[in-house]
Structures are given as C-alpha cells and as structure tokens.
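Asks: Here it is, the structure, as structure tokens.
The values are calculated or read from the model by the stated rules, or taken from the named source; none is laboratory data. Here the structure is a predicted model, which means the values were calculated and not measured. Only protein heavy atoms, including side chains, enter the accessible area calculation; ligands, DNA and RNA are left aside. Shrake-Rupley method; radii C 1.70, N 1.55, O 1.52, S 1.80 Å.
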Amino acid sequence: DQHFHEQPQFKRTILLCFKKSKYYNPITFLPLNLFEQFKRAANFYFLVLLILQAIPQISTLSWYTTLVPLLLVLGITAVKDLVDDIVSNMFKNTKWKDIKVGDIIRLKKNTFVPADILLLSSSEPNSLCYVETAELDGETNLKFKMALEVTDKYLQEESAMADFNGLIECEEPNNRLDKFTGTLFWRNMSYALDADKILLRGCKVRNTDFCHGVVIFAGADTKIMKNSGKTKFKRTKIDSLMNYMVYTIFLVLILLSAGLAIGHTYWEQQIGNSSWYLYDAEDYSPPYRGFLNFWGYIIVLNTMVPISLYVSVEVIRLGQSYFINWDLQMYYSEKDTAAKARTTTLNEQLGQIHYIFSDKTGTLTQNIMTFKKCCINGQRYGKSVPLDFSWNMYADGKFLFYDHYLIEQIKSRKDPEIQKFFLLLAICHTVMVDVSDGQINYQAASPDEGALVTAARNFGYVFLSRTQNTITISEMGIEKTYDVLAILDFNSDRKRMSVIVRESNGNIRLYCKGADTVIYERLHPRNVKREATEEVFANETLRTLCLCYRDISDDEFEAWNKKFMEASVATTNRDEALDKVYEEIEKNLILLGATAIEDKLQDGVPETISKLSKADIKIWVLTGDKKETAENIGFSCELLTDETTICYGEDIRQVKSTKNFCVGVKNVQFLKLSQQTAEEKQKQTEKRRKAEAYKEQQQKNFVDLACECKAVICCRVTPKQKAMVVELVKKYKKAITLAIGDGANDVNMIKTAHIGVGISGQEGMQAVMSSDYSFGQFRYLQRLLLVHGRWSYIRMCKFLRYFFYKNFAFTLVHIWYSFFNGFSAQTAYEDWFITLYNVLYSSLPVLLVGLFDQDVSDKLSLRFPRLYVLGQKDLLFNYRKFFLSLLHGAITSLIIFFIPYGAYLQTMGQDGEAPSDYQSFAVTAASSLVFVVNLQIGLDTSYWTFVNAFSVFGSIAIYFGITFDFHSAGIHVLFPSAFQFTGTAPNALRQPYLWLTMVLTIAVCLLPVVAQRFLSMTIWPSESDRIQKNRKKYMAEEEQWKRRQSAFRRGLSSRRSAYAFSHQRGYADLIASGRSIRKKRAPLDAVLGNAVTEVREAHTAVANR
Amino acid sequence: MKNKKSFAPQEAEARPSRCPDNSAFKQQRLPAWKPQLTIATVLSTFFLTGAFCLSVGICLILSANSVREIQINYSDKCSDCSKLRENSYNWNIECLCSVDFKLKEDMLGDVFMYYGLQNFYQNHRRYVISRSDAQLLGRDVNVQRSYCAPFTTYNNGTPMAPCGAIANSMFNDTIDLFYNFNSSVIQVPLLKTGNSWWTDKNVKFRNPQSHNLSSAFAGTARPPYWQKPVYLLDEEDERNNGYINDDFIIWMRVSAFATFRNLYRRISRKRHFADGLPAGNYTFHISYNFPVTKFKGKKYVILSTMVWSGGSNPFLGIAYVVCGAAATLTGAETEVRVLTGVLP
C-alpha cells in the first residue's frame, strides 16, 4: 500500500455531505419512490382511506374522490424527488478522491490539505511548511509546521519516500485541533510527534513549494470532520406546528364521526326502523349501522385533513427558494455568486430568527488588512487620490494609498522623521521574506504586520532579506544592511515589539511599535508630539499603532545586553524574566507617529447589524480569534458602541471554576456596578477552552446572562464550542437560531443551528456545502431575513390559515347536512366536486398568494426592520390563529348550508318544476362555496398581480366549465353511473332564485370579514398596516433622499483605540535560532551535520492505537 | 498574503455568469394592485350592498306575496285510508278519499299542482344510491351489480324493472281536482306531461328498444311495492310510459330534504280555467295508496301560482332585507363614528 498520489490540483475537498442517490434506476424508481412516499404519515393515511372506500358497506364516496387527488399529490412529489435525485447525481462524481490512511502524498503550494497528515519533508529549509488555518480557526496569519529532522533529511526523494517504512502510534481520532500525541518508530528509533508536525485537513499550504506527508487520519476521522458534528434533518417550527394541527384535525375528525355515528344510531332507532322505503334486507341493529356509518363519515369528512397540504407547502417553499436564487440584490458580482437556497424546506423559518451566530473572519471582515492612514510628526496623511507606485520597482500592485503629499515628502527626503518612520516599518517586525520569480513575498505572523511591511515597501523602504542578526532593506533604491542586536518580540501582555539595531554610523537605536496606550506610558517625558498624535484615528475605527524610537548609548546597551543574555538562558520563568528585561530598555521613547490599519469589514456590515438588531435579532459573534481582535471588530461593526459597558467572561469563569452556582447573580451585580447609566448591556465572553462538561445550571446561567446582554462576543472558541453555544441557546431559550460562517470551522455551528448560512467567500466551500443558504456577502443577510424571510413567513402563514379555512368551510357542510338526512353520511356535494375542489377549484389562488404575496414592498421591509418582529413572536400562525381559521371555516360552512336550506324549503322553480331536488341543492351549495372561497382569497391577497386575478377568476370559470361538462348529456350516456348529475347545472342555474341565493350567501360570508378587517385595521393597526397606509408618503420621502444624496454619515463611535497584534507571538525565536534563514541546502549537508547512524528499510505502517 | 485572490477572476471568466435575470417576475416586482380597505371603499361597499340587498329583498317579498298557494294535508283528512295503509297486507284494497276546499280568490295564471311529503328521507344515503342509471337508460344491464340491493331480482332471478329502493317506493296516489261550479261538478283538466326537465325526459331516461313497450320489458318484473308493471304507468300516452313516465322521472329526482314537494300536474288552461283557477269550491279525489303514517309522515296536495322568483317561500326575501339592513346599519354606524372622530 505504498501509493504516491500526485495532487497537483487537489480540488477543494468535498466533505461527505452528498446524499447517496436513493433511487435513480429507472425501473426501481417508481416502486421505491412510492414506498418512500407512503412512509409519510399523511400519504399513508390517504392510502388507508382508499382501502376503506373499497369496502362496500362503508364506502360513502366514489373511489375516485380520494384517488385523483392522491395520484396528483404522489405524482408531483415523485417528479420533485426525481429532479432532486438527478441534480444530486450530477454532483456526485466530481471531486472525490480516495485517500487512505498510510498513503504518502505530496501537497503543492496553495492546495488544501485533504486529510490529517504527518509532515515528513518539505521544499523549504529546515523542513518548514507554512499553512493557513483560516478554515479551521478563522485565523489568517501563517503558521509554520516543522517536520522531524530525521524524516526531512532522508525523505526528500520520491524513491526514498516509496521505501519509507515506519510505524506510527498515535491517539484515536478526536476533535482537538491543537493537540496531537504520537510516536514514530523508524529505523529502531522512536520519535515523539506533536501537533506541530501535523497538517490538518482544511489547512492550506502556503509559501511552500511542496511538501510530503503520510496520512494519519482520513475522511471522517480527520479532526475537522470530528468537529463538524452530525448532519441533522432540519424542520421548521411551522412544520411541527402544522403536524400538531393535522393531528388536532384528525382528532376532531374522529370525534365528529363518532358523534355523527351516535346520531345515526339514534335516528335509526327512532325513524329509520319504521321507514319502510329504506328497507335493505340486512338485519343490522341500529348500533351496528351506527358503527358502519362511523367509517362512512371518516371517509366523507376526510377532506378536513387536507390531502394537498404537504405537497402545496413544498411547492410554495420551492418557489420561494427560487426567488431567493433569482434575487439580483443578493448577487455578488465580484465573485459571480448568486444567493442559493440549498435547502428548500426552511424558508419561512427565515422570518422567525431570534439569534444570529456569526463567525468573524471572512464573514464580518474581508480578511484583508490594509494600511489606511498614517500620522507622522503630527501631520496626517491618507486622504486624496489613489497613488501611482510605478516609480517603485518593488511596489505591490494591490496596495492603495490616498495621499500624494506623503510621496512627495518621502521623495524630497527633507523630513528625517518620515524617513525614520518608514525605516521603522521596514525593520521592526518579524516578517520573513521569500523571493520567487523575482517577486518578493512576505510571510507574516499576523496580517497587520504584513500590511505594515507592505506599506513600507510601497513607499520605497523595501525589506529585502534577513539573516540571524542582520536585516537588509532597500531605502529608496539604496540597499543597506543593519545589524540586528536584539528582537524584543510581541506578546499579548506587552502589546508591543521592538528591535535594537546598529546603524551604519555605529549608533545603536531601538525601534518600537505598539498599542497606543502602552506606548504613551513609555514616552519620554518631554516628548511634545504626544497630544497631536492622540485621537487622530480614534474616530475611524482603525487599528492604530504607535511608532517610536530611542537612541541607546553603547554602554547602556552593553549593560542591558548582559541582563538580556542572562534572562534568555534562565531555566525558570524565562518569559517573565525577559519581559522584565525588555521593560528596562523600552522607556523614554520618542514618538514618530502612528499608523492606522483597517481590518477591512465587508461592505455594509455595520448597517446590516444595526438593521438586524432593530429587528430584535440578537447577534452573537463567535470567533476563534483572541479577545482584543474580537473586541476591535465588535466596535468597528458597531456591535459594541461607546455607550455600552463591556464585561468580560473571565469573571464568570473564575466564579465557575470554584463551582459557584451564583454566576448569574454575581455578574448581574457586576454589570450594575459598572454601568449605572448605560442602558444597553453588553458582555463579551471569553471562553477559553475549558472542560466541555458544563454543569447544567452553569449552562443555564451562562445563557440567561448572555441573553440579558445586547450583544455577545465569544472568543477563543473551537468549532465544537461554537456549536455548543448554539445548542445551549436552542435548548434553553427555545429560540430560532441562525448561524453564519464561511470556513470549515463554522460547519458544526451551521449544522447545529436551525438555519445555517454559508458565505461562499475566500475559504473554500466547506461551510457552503453544509449550509442551508449561501451567498457572497454578509450584508445580504438583511435581505435574506428582512425581505425573503419575512415574506416567506407571511406567505406561509396566510397560506396555511386559508388552507385550513377552506377545507373546513368545504367539509363541515356535510355535517350540517347530516342533521337533515338522518346522519346517513350522504354528501352535500357531487362526488366530482369533492374530487376536484382541492385540486382545481380552490388551490391555485392560494398557491399564488403563497408564492407572490407582499404586504409591504422589499424597500419598506428593509427600512422598517420592526416589521420583522411578528415572525419572531409567531403572531401570524399559532394555535389561536388556527382555531380562528377553523371557526371562520365552520361559520362559512354554516352559511353555505343554511341559506340554501332556507331557500329550498318548500320552494318551486320559476317554471313550476320542483327545484328542491338534491342535485340542484348540491350544485347551489358548491357554487356558493367556490365563489366564497375564491373571493375570500381575493380579500386575503394584498398584492394583486395579473396572475392572481387570473387565477381567482380562472378558478371560478374552471369550476363552471367543468361542472357544465360533467352535467352534459353525452358524458352521462358514456358513463351513466359515474356522472349522474346530468342536466343539473344548466337547469338549476337558469333559475334567478338560485342565483339570488348564491349572491346572498356570498354577501353574508364576506361582508363581516370586510368589516372585521377594516375595524381591526383602524382600531388596532399592525405595524405593516400603518406602513402600508403611508407607503406613498414613504416613497416620496425616499425620492427626496435620493435627490440630496448627502455625504453625511452618522457619528461613529468616538474615542477608542485598541491595536492588537494578532493572534500569537512572532517568529522572533525562529529568527534568532537561525534555522529558517539559511538558504536551501542539500539534504546531504544535513545528513552529515547531524550524523545520524545507519539507514535501514522496513515497511511503512501507520497504526492508530 | 493576497495571492488567494488571484485565481478567482479566472474562474469567473471560464464560467458563464451566474447573474440572475433582471426580470420583473424573478425579482418579484410584477406590477400589482395593492388594495387597501380605506374608509371610503368600506363605507361605499356597505352602503351599496345594503341598498342592493334591501331592494332585492323587497322585490322578493312582494313577488312572493303575490303568489297564491293552497296546501292541504290529506294524510290527516283521509285518516281512514291512512289507517288502512298502515297494514301492508291491505295493499290491494282500494281506498278513495275526497277532500273539499274553498278558493277565496282567483288563482290567475299558470297553476301547478304538487304533492308534498313530510318526514320522508329521500336524501338518506342508502336510498339515494339505490338506483341503476344504466338500466334507466334502457340498457340491458345486470342489476345485481348496481347499488339496487335488495330490490334487484326476485328469488326466481327475474330482475326488477326499474330496480332499487327509489323506484320501489314511488309515490302512487292519484289525485284529481274537481270544480264545483253552479252545483255541477267539472273536472279540472290536468296536464301530466311536460313537468320534468328536458334532460331527464330525453337523456337520462330511455325505454329499452323494442317494437312495443311490453315486449321491451319482457323478462322483467315490477318492483315489489308497485301495483302494475312499468310499461303500464300510462297506458294512454306512449311517450309518457315506461321509464319516461313523468311521474316516475320526477320521483326518481330525489329531494334534498325530508320535507319536499314534487310537481304532480299542471292545470290545463282551457275553457273555465283559461285564466287559472277561479274562486269557488273544489274537491280533490284521491286514490290513497302511499302509506306515510308508519314513519310519522304527512302527505300534502298543493296548488300554487308562480312568479319569476318561484313559489311563495318568504325566506330569501326576508334574509335579503335583514342582510341589507345589517349592512346599511353597519355602514351608518361606522360613518357616525368617523364623523364623531371615534375612528381615525
């Protein structure tokens, strides 16, 4: 099993998220699909009904009344399944590669790692391999992995690799991204393996031409997959509500049938037994006849449980999904990605979201750092036209800066401060350089640093190369080399870094950059520029960084260096000792200026967040980043503002760790102490990777507390923890959650939340693949929720309410009729009408309302986010609304029965013929019903397109067309027993009396509805009524705004400055150790240098213990 | 650090754009009318509907009142016959009964004669289905396969023609009307054809094809409750005999409710009765066959004139007036509240 997989263009890894094709075979499709469909309770119920109808004793309806709708429903569903199946089959064969444990694979630059791999060797010096882990933890800085020296030495050639034989013992597959323990046994030696030697699936190889590794975990065993959780079948709240309602109706059906059966028993005893004309030669007792009639009524009243409900709901959702896919305003032209509803069954849930859980990197931010502005010597630069950097051969083409004056200043070389400023940027960093094809590539520990060095490069101060103790830069075309005497690396406590260099004239100078607060404390007391620099970028939510320098005398440096050496070899508390030493030299600094870096947010993020929070949606940011970065982003996307009090979760954790159950209480006090005036509570929770087992009470406290807050930011969370947070809120708040993210680290969260949204962004497709909706930019979320979600919710609710109404109005007429026909299960309508009512006469208009209706336009929905609240509160469809719909249906059915009843009692036709026959009555009631339900949906339609009008009047026309056809002479002669209503419609409907009956029925059914609508609209207007009423005014306003398009932007949060070097300490250790700095060397050098003994061969084997 | 962007544009060029169409339908911007319930529309709806309903209602009431109708319960009046028929063994004993009544006013225009039944559940499910439409079309069908049971065949296998409970229980009283004019008794001429729907007479009911009617029904037997076979229903008129007998057709059109009227005869407007029935004394001569007392039913004979809206049922007129009044009042009340500022 010694494969060698070339992976030249290993396509974006596709996780195991494709459904297997269940029934694609053309022969097996039909039976299998039918079987699948009958597994659904509703369809099974109708199958049972069909069988019941075949029993002659209880068959009260013709066989076709259930069969025709059932066939239609099954047909539509089967077609839909077939299409789904074909579509998913088209995906299936692509991009799936078979990688097995023990394979050795080669990865090239910029490819995704397809499995968890033990790094064996790489093209880079010292077997380094740089990876980007944005998919895993959202951090975009490069991390380096280092192979064992021994493997790197011997395994450079393919032939050597093919002969590689070793035994790896390692832990079982788990989800800890940062831990790995194992041992490699090779050539009679054992080597310890840790996480530094493992490339995890989902990482991207960067700045490394190629590397080799052996697969340790593949497929579902990989750490990212272990983190991704199970795919659950998602259902919407309305779905489950609907199911309960169908059960309720079913119960009502049984109760009613039982009641009517008892009525029949009684009637048979009192009247039936003595009615000689009803003699049927069967010697059944009245209770037995009642029992038979129970089943008869189950059949007659089956339309109460609407057969086409489920398929109609699916059709509506499908249509709504297409509208999402088609939305031009959610199309991201830069990446050519349109929004996509990947799940077509969740649309109305989008209108009910309470909580949004957002990833940070790539979701809120673009994941690009840009050098935006700078302030040198009190002078601000950075507001003008784009600059042309073509004069600089080293310039990076993508760099943009907007100040011409600065360039002139630099070129004139008049101002030494400016020179020092850029020199500092070019020198003071831990970036490493990599020259390929004459292009300079920087590898930075943090994107901020990369941005600064790139900026310096563009302004003519190009960092060219470094060795262990020198650094070479090109200053405006002149190459200069500086001796680096010390690098005082960054860490999160120090919030600054410094280098000490000896300049060409022999002076020793310390260059330092760091967070403003830290630097101000250490400035020289007489430094006058302090005030000027302060607050320069404070208003612009940029990440600011102060630059300063200090000249050091030789003596002072010597003295300090001694201490530094001591500290750096200290065996205990080395870090603290070093920090202390660093502190001694970083003082009396002279401020040069400040830089402002923008962690570029995606377009429209603050607006989207403010819109969404106005819609009462709570937004939680969950990120793997560190606290400072997260907080910073919180401010820049206006999730946090200056009025808000921030409280940190460490306090909670301390309390929690002592197993104190009063977390909530204590923190509320803390909140109260710290914010006497501020109304908005906010909390930032830092959850360090802690034991996964919370105590239940603690979980609850956490959720309660967090939900008290206006915004929550969780940092340093693993993918699993992200999902756990979502799970907690789902569990304790019973709220609808939405998770949005773009990377593999969000997959678990996306799958856990009720709705998962994937941003098809920079970082591959894994999040998108497991999401329910995907689009290109975070800002489209507001349109997805406030427009599409809201509309879908309103449409679905309208649809359901009307659907239950129309079926009750239709079915209950049978019940009123049974009081007049001895509870004999005689239907009030013709069988064909019963067959086609749900299919043809009343389905299309409501389907179109479910697809097209808009109560307010999309613009107004976005402008008034409060409109969204009704979905969150389940205002439009709940048990109350359901029962009201049923009641409405019942009242309508009463009117539809009793007005014709009154009119028919002892009446005669215009021409003397007796029109009081059953068939005329059935036609009158049916016609009234068709008019009433179709006009009722007309009243319910708030957005009348020509399609709606066509369908409403078309349904009525179709009803009359079909009725006249079925009542025609020819069809009766052909099928005398199936079409018995010959001549009824033409004869009955030429009587003005019956038309007047219908008109009265319609008026009595609809006028109270109009009155009720109008009164409730005027007395208790809903938000959307109010807005709809004033929509002309709003439109005029909008026109005005467009005309005076002001450049005015509302005041942003003020005084705030929190620069954070991202993520982790830099490469200072690495630089100092000199390992990476040497140029590529032949493997043989290394062999000799390290003097490893013999070379043996055995078989490669990896054993997972 | 920005090289990840580099390959995205190439991919975009290689593919056709996924940009959705900018059509009104796909962008959900179809031109639409957004109706709103404003005070003006609601009030005008209510006032207009109210006015319409009131006027229709008044018309209906007026026309219903102009209908002259007389209804006589002869199952009570002929109590002897009723008693006799309670026992089914007396089925072949003839029972005649006459009922006198007085018309105080003329009944002008066409006058129709109905028989009415009360408490007769023609709409019972078991009853409604008990017929064979194919047989009534004159086809030779196996009635065993229809819903006619138990009235399908006799024990010896002879099929019943027509089969089924509806046919079997056909109304078989004969009612004649006599006018006592100047101490002479004139039989009022009655029309027994032209009383049913054209489609029934010409489509739904056909006699079996044969050279004469009795041979057409050869091999079949009358339903058990009948006194004579189907081809003797009207011996005088070939086109009113067998299945296409009007009385039979009308009976076979089952009623919607347990209390109903069926058209029996029309007054032939000849001689004395050219303008309808003049005021005076009349007598019904009834051959009483149809038993109703067993199921606590009642039988009526009804004479009525007709207007555009049918008979004298006042229900619809009253309902219209009530509905119209309610709509107008609601409209007025709303109007008042708007004017007084209670409603915005």
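Asks: On average, how much area does the Cα convex hull of the stretch A:887-1026 cover when viewed from any direction, in nm²?
Replies: If you wrap the Cα atoms of the stretch A:887-1026 in a convex hull and average its projections, you get 10.6 nm².
Asks: What accessible area per residue comes out for the stretch B:51-98, rounded to a whole number of Å², with a 1.4 Å probe?
Replies: Each residue of the stretch B:51-98 exposes 60 Å² on average to a 1.4 Å probe.
Asks: OK, next. Taking the convex hull of the alpha carbon atoms in the stretch A:107-265, what volume per residue do you get, in Å³?
Replies: Normalising the Cα hull of the stretch A:107-265 by residue number yields 170 Å³.
Asks: Taking both sides together, what accessible area is buried at the B/A interface, probe 1.4 Å, expressed in Å² and rounded to the nearest 100?
Replies: Adding both sides of the contact gives about 9300 Å².
Asks: Convex hull volume of the Cα atoms in the stretch A:987-1032, per residue, in Å³?
Replies: Residue-normalised Cα hull volume stands at 96 Å³.
Asks: Starting from the Kirkwood Rh over alpha-carbon pairs, what translational D in µm² s⁻¹ does the stretch A:932-1014 have by Stokes-Einstein at 25 °C and 0.890 mPa s?
Replies: Value of D from the Cα-based Kirkwood radius: 164 µm²/s.
Asks: Let me ask you something else. Against the longest principal axis of chain B, how steep is helix B:39-65, in degrees 0 to 90 to the nearest 10, with axes from Cα atoms?
Replies: Relative to chain B, helix B:39-65 is tipped by roughly 10 degrees.
Asks: Another one. Whenever you get a sec, compute what percent of the accessible area on chain B sits on carbon and sulfur atoms (1.4 Å probe).
Replies: Taking all protein chains in place, chain B shows 54 percent carbon and sulfur surface.
Asks: While we're here: Just give the residues from the stretch A:814-845 buried by at least 50 square angstrom of accessible area in the all-chains context relative to the isolated chain, probe 1.4 Å, and say none if nothing qualifies.
Replies: Listed by number, the residues meeting the 50 Å² cut-off are A:Gln826.
Asks: Give me the 1.4 Å probe accessible area per residue for the stretch A:695-759, excluding ligands and nucleic acids, in Å².
Replies: 24 Å²
Asks: I'd like the distance separating the alpha-carbon centroids of the stretch A:562-616 and the stretch B:76-140, in whole Å.
Replies: Computed from Cα coordinates, the inter-centre distance equals 105 Å.
Asks: Considering only B:Ala32, B:Ala279, B:Ala149, give the residue with the highest GNM mean-square fluctuation for chain B, with springs between Cα atoms whenever their separation is below 10 Å.
Replies: Most flexible of the set in this elastic network: B:Ala32.
Asks: Around A:Gly593, which amide H atoms from residues at least 5 apart in sequence, or from another chain, sit under 5 Å from its own amide H, with H modelled in the peptide plane?
Replies: A:Asn377, A:Leu547
Asks: Let me ask something else. Can you list, bin by bin at 5 Å, the percent of alpha carbon pairs in the stretch A:156-230, starting at 0?
Replies: Values per bin, smallest distances first: 3, 13, 22, 23, 20, 13, 5, 1, 0.
Asks: Kindly express, to the nearest 10 degrees and within the range 0 to 90, the angle between helix B:315-340's C-alpha long axis and the longest C-alpha principal axis of chain B.
Replies: Helix B:315-340 sits at roughly 30 degrees to that axis.
Asks: Using the C-alpha atoms of the stretch B:174-272, what convex hull volume per residue, in cubic angstrom, is computed?
Replies: Once divided by residue count, the hull of the stretch B:174-272 is 151 Å³.
Asks: Separate question: Could you calculate, for the stretch A:791-856, the ratio of the Cα radius of gyration to the Kirkwood radius, expressed as Rg to Rh?
Replies: 1.13
Asks: Taking amide H positions as placed 1.01 Å from N in the peptide plane, with prolines and chain starts having none, which residues 5 or more places from A:Arg206, or on another chain, fall under 5 Å of its amide H?
Replies: Here A:Asn110, A:Tyr130, A:Val131, A:Glu132 satisfy the definition.
Asks: So who's got an amide H within less than 5 Å of the one on A:Gln991, skipping anything under 5 residues away but keeping other chains? H placed 1.01 Å off N, in plane.
Replies: Those qualifying (amide H under 5 Å, at least 5 residues apart or on another chain) number zero.
Asks: I'd like to know how the stretch A:547-638 sits against the 2.2 N^0.38 Å rule of thumb: what's its Cα Rg over that expected value?
Replies: Taking the Cα Rg and dividing by 2.2 N^0.38 Å, one obtains 1.78.
Asks: Can I ask one more? The stretch B:232-286: percent of C-alpha pairs farther apart than 15 Å?
Replies: 67 percent
Asks: So, one more: For the stretch A:306-373, which whole percent of the accessible surface, found with a 1.4 angstrom probe, sits on carbon and sulfur atoms?
Replies: 55 percent
Asks: Turning to a different aspect of this structure: From the backbone phi of the stretch B:116-132, what are the Karplus-calculated ³J(HN,Hα) couplings (6.51 cos²θ - 1.76 cosθ + 1.60, θ = phi - 60°) in whole Hz, Gly and Pro given as x?
Replies: Those phi angles translate into x, 10, 10, 6, 10, 7, 5, 8, 5, 4, 4, 6, 4, 7, 7, 7, 10 Hz.
Asks: Whole-Hz ³J(HN,Hα) for each residue in the stretch A:145-159, computed from phi via Karplus 6.51 cos²θ - 1.76 cosθ + 1.60 with θ = phi - 60°, x for glycine and proline: what do you get?
Replies: 10, 10, 6, 4, 4, 5, 6, 4, 5, 8, 10, 8, 8, 4, 5
Asks: Probe of 1.4 angstrom, ligands and nucleic acids ignored: what's the accessible area per residue over the stretch A:791-854, in square angstrom?
Replies: Per residue, the stretch A:791-854 has an accessible area of 14 Å².
Asks: Would you please classify the overall shape of chain B from the alpha carbon gyration tensor, given that a ≥ b ≥ c denote the square roots of the eigenvalues, rounded means a/c under 1.5, and beyond that prolate means a/b larger than b/c while oblate covers the rest?
Replies: oblate
Asks: Could you run the Debye sum over the Cα atoms of the stretch B:202-344, one equal point scatterer each and no solvent, and tell me log10 of I(q)/I(0) at q = 0.10, 0.14, 0.19 Å⁻¹, two decimals?
Replies: -0.63, -0.97, -1.33
Asks: Return, for the Cα atoms of the stretch B:63-166, the radius of gyration and Dmax in Å, separated by a comma.
Replies: So, for the stretch B:63-166, Rg and Dmax equal 19.7, 56 Å respectively.
Asks: Provide, in order from the shortest bin, the percent of all Cα-Cα pairs of the stretch A:794-950 in each 5 Å bin, continuing until the bin that contains the maximum pair distance.
Replies: 2, 8, 15, 18, 16, 13, 10, 7, 5, 3, 2, 1, 0
Asks: Now for a separate question. Convert each backbone phi in the stretch A:319-326 into a coupling constant with the Karplus relation 6.51 cos²θ - 1.76 cosθ + 1.60 (shift: θ = phi - 60°), then list the ³J(HN,Hα) values in order as whole Hz, x for Gly and Pro.
Replies: Karplus values, whole Hz, x for Gly and Pro: x, 5, 5, 5, 5, 5, 4, 8.
Asks: Measure up A:Lys734/A:Lys873; A:Lys234/A:Lys806; A:Lys731/A:Lys798; A:Lys614/A:Lys720; A:Lys360/A:Lys751 against 21 Å on the Cα-Cα distance and list the ones that go over.
Replies: A:Lys234/A:Lys806; A:Lys731/A:Lys798; A:Lys614/A:Lys720
Asks: Which of the residues in the stretch B:252-298 lose at least 40 Å² of accessible area when you go from the chain alone to all protein chains together (probe 1.4 Å)?
Replies: Correct list: B:Arg253, B:Ala256, B:Phe257, B:Thr259, B:Arg261, B:Lys294, B:Phe295.
Asks: List the equivalent ellipsoid semi-axes of the stretch A:744-864 in whole Å, largest first, each obtained as the square root of 5λ for an eigenvalue λ of the Cα gyration tensor.
Replies: Those come to 46, 18, 12 Å.
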